[in-house]
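A quick write-up on the structure given underneath.
The values are calculated or read from the model by the stated rules, or taken from the named source; none is laboratory data. Remember, it's a predicted structure, so these values are computed and weren't measured experimentally. Quick reminder, even Gly has a Cβ in these numbers, built from the backbone with ideal geometry, and neighbours come from all protein chains shown.
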Ligand SMILES: [Zn+2]
């Protein structure tokens with residue numbers, strides 16, 4: 001090993017001793033290959049139980065509303081739960097490594113699904129440019145990019161665009177949300193997606209109004225087929 005590299009490694013080791021990287025949830029020092037979450041906390045991510053079933057909870061949430069090929073979520077999102085805490089740190093404390101960490105995990109989960117090899121392109125749900133400017137990033141884009149890297153599938157962040165900046169959906173009924181989400185998305189280059197099998201990614205699935213609106217827009221493209229993946233599915 002070259003001396004320069006040895007010194008760099010020692011330097012990094014010392015830095016780590018003075019400022020150890022901490023688990024973002026339990027704040028214990030991370031060891032070995034641990035990143036973002038310690039192994040104990042990472043094991044507590046409440047993974048969805050029925051992801052392999054064609055009629056899993058995610059698919060059921062869209063059944064009868066839109067046409068899609070597959071739908072799957074990685075973990076359960078509960079009020080006060082681990083995934084909610086992580087999303088809060090990501091969105092409001094701008095802790096981007098969380099999105100990379102979760103995107104990779106999602107990628108590894110999808111790697112085992114037989115249908116994933118049929119996907120041509122991964123498209124994250126876009127944020128309105130005003131919101132990206134305010135937050136500094138689109139968390140779904142980071143999750144999708146990390147997932148795409150693991151799966152070795154092309155990422156497309158250009159073709160689907162957000163043309164309407166919607167207000168907060170939090171205090172709205174399902175019907176109000178659906179109305180609010182009408183004509184929110186547009187296509188900037190539909191030729192790019194013609195005949196493609198698209199995997200559309202959103203961070204957290206609640207009523208599904210956002211994804212439904214995205215899919216309605218995407219399906220204007222000739223021969224396009226959509227599958228859905230979300231990091232979390234909100235449950236009571
Ligand atoms: Zn921990």
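Of note:
- Count of residues meeting criterion [crowded, with 22+ Cβ neighbours inside 10 Å and either more than 30 Å from residue 46 (Cβ to Cβ) or touching a residue at least 40 places away in the same chain (Cβ under 8 Å) (or both)] in the stretch 203-214: 7
- For beta carbons closer than 6 Å, sequence separation of 6+ or different chains, a first residue in the stretch 215-236 that is farther than 15 Å from residue 58 by Cα and a second that is in a helix (DSSP H, G or I) and at pLDDT 95 or above, the qualifying pairs are 221/193; 224/193; 224/218.
- Spans of helices (runs of 4 or more DSSP H) in the stretch 1-113 with at least 3 residues more than 16 Å from the ligand (Cβ to nearest atom): 3-18, 57-62, 82-92, 97-111
- Number of the condition not met by residue 187 [criteria: (1) within 21 Å of residue 222 (Cβ to Cβ); (2) surrounded by fewer than 16 Cβ atoms within 10 Å (Cβ to Cβ)]: (2)
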